[in-house]
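See structure below.
The values are calculated or read from the model by the stated rules, or taken from the named source; none is laboratory data. Because the structure is predicted, anything quoted here is derived from the model rather than measured. All Cβ positions, even for glycine, are placed from backbone atoms using ideal geometry, and neighbour counts span all protein chains on display. SASA here: full protein model, heavy atoms, side chains in, ligands and nucleic acids out. Shrake-Rupley method; radii C 1.70, N 1.55, O 1.52, S 1.80 Å.
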Amino acid sequence: MSYGYSVATQSKGLSMANLRITMTRMHFGLNFIILIIVSSIYGNHTLDSGKANKGSSSSTAFNATANHPTATLSLIPDDEIAHFVNQSRIMSCSFPDPDVKLKWRNPKNAIVSDTKGRVHIEDFDGSLSLVFESIVRADQGNWTCESNNSGVVQKKSFKMIVNEPISFRDTNIVQSAAEDKDATIRCEVRGHPEPSVSWYFNGQPLFVPSGKYTMLADGLLIKKVSKNDTGEYTCKAFQVSSSGSSFKEKTIRLNIKHKPYFPRHSWGNVTYGYVGGAVNLTCDAVAEPPATFTWSSNNKKFSHRNHITFSGQHVSMLQIVIKNSTVFGKYKCEAKNELGTISREIQLREGTKPDPPSRFQLRGVNSDTLDIDVGATKSHDVDPDHSTIIGYRFELIPTEEFAKHRNWERAHRRDFDVEDGVTYLLVHLTPDTRYLIRVAARNAAGLSDWTEVKEFITHPLQPHGINSGAAGPDTSAFLFLRLLTALGSLLLSTVVKLKF
């Protein structure tokens, strides 16, 4: 019994003790919460009051900073800029406090101190300007403006991008190369960014590299050139940069140096003339450099004083007045340049002077055309020889103009080849104008005497292009009549063949 009582009593005592501890802990927690609430209400005021008593406040300093932000550098303009060489530019750097010293540094970090020159500084109304009078490629990079405010250093930079436009350096528009050797067409292209280059030959693109062509830094290499490589080569350059794109081209004439040669279409080796007339001996030879020509006969060279010569590129003409038959014979033409010499003989033979046209009459007329019939015939049964008529020459001059000068030096000349049974149209004449006209026949030996001079008049110009038909049909009618005649002849020939 004693044992049981004691346990119960002990257990009750422990329970009361635990209750007192729990109540104590709750009282402490409540006091802690009350302390936090009171601190939150009065703590800041007490803290600020305490610091105010010391004469300074972090909150006051913060507000002062917010109301007065830190002064900073500014650049105008302040972004990346791109320029071409030789252009000019001004960059301005400023600081709110004019007493703060400013300075500029170049991309190598060296201070820019010059006040004159290609790149210099200028003070202007509280700012420090950086002046580029003429921009060069070496100016590319970062340029920095720097301030020092009581030991506080600020820096601000801009990036200068320098582009160089396309240019062709030491590029002659006419270049030469020796035949059968490798040749370089010089076309050195400059620019930044570096341009891309393509080549064209006589307007057609070249596919480089290939077995014949190789692209070089300063041009185009052509292996073992020949006369066929003569022509125009175009060097085209294309450039793309941050500021845009550009395109330029250069056309170069390449001449292949070679010795003279006679072209296939050269004049024949036999020429005819007649006593009392004149004849032109023609010699053409292609060469690079162009050949010089000399004429001789019986090993005697002709001089310009005694003979008339006409020279052009790759051709020479010797005019001979045939006073008597001793002039006929062999003449030698020689063409020479630094690479070689060639020669040929031309035989001047006596021919027959042709007779003037037996017919010379007007077939039709309109405002700007005269249709002339000279009785042209072309034999198909006999082989032509030096006496055969091969063409006609017309000379015409307005009557009014002839009356002023009384000669045919200002006359217009029209040459025609002979055709069987055709008439000849003198076109592009002035309406309502009188013309004096004469005509001569031509064979291998030269021209005949002129026919008698005749006068013909073009029609006045009619409204809406309608020409008066009083004196003859217009050009369209001529052509239509000719077509009908040709068709009639063809049909008649067919009928005859069918009949027989």
Which is farthest toward the positive dipole end of segment 87-173 among 93, 152, 172, measuring Cα position about the Cα centre, with Cβ charges +1 (Lys, Arg) and -1 (Asp, Glu)? 172
Could you work out what % of the accessible surface of segment 370-421 is carbon and sulfur, using a 1.4 angstrom probe and leaving DNA, RNA and ligands out of the count? 42 percent
Here the FRET efficiency for residue 247 versus residue 172, based on Cβ atoms and R0 = 25 Å and rounded to 0.05, is 0.70
Accessible surface, per residue, of segment 147-208 when the full set of protein chains is kept, probe 1.4 Å, Å²: 58 Å²
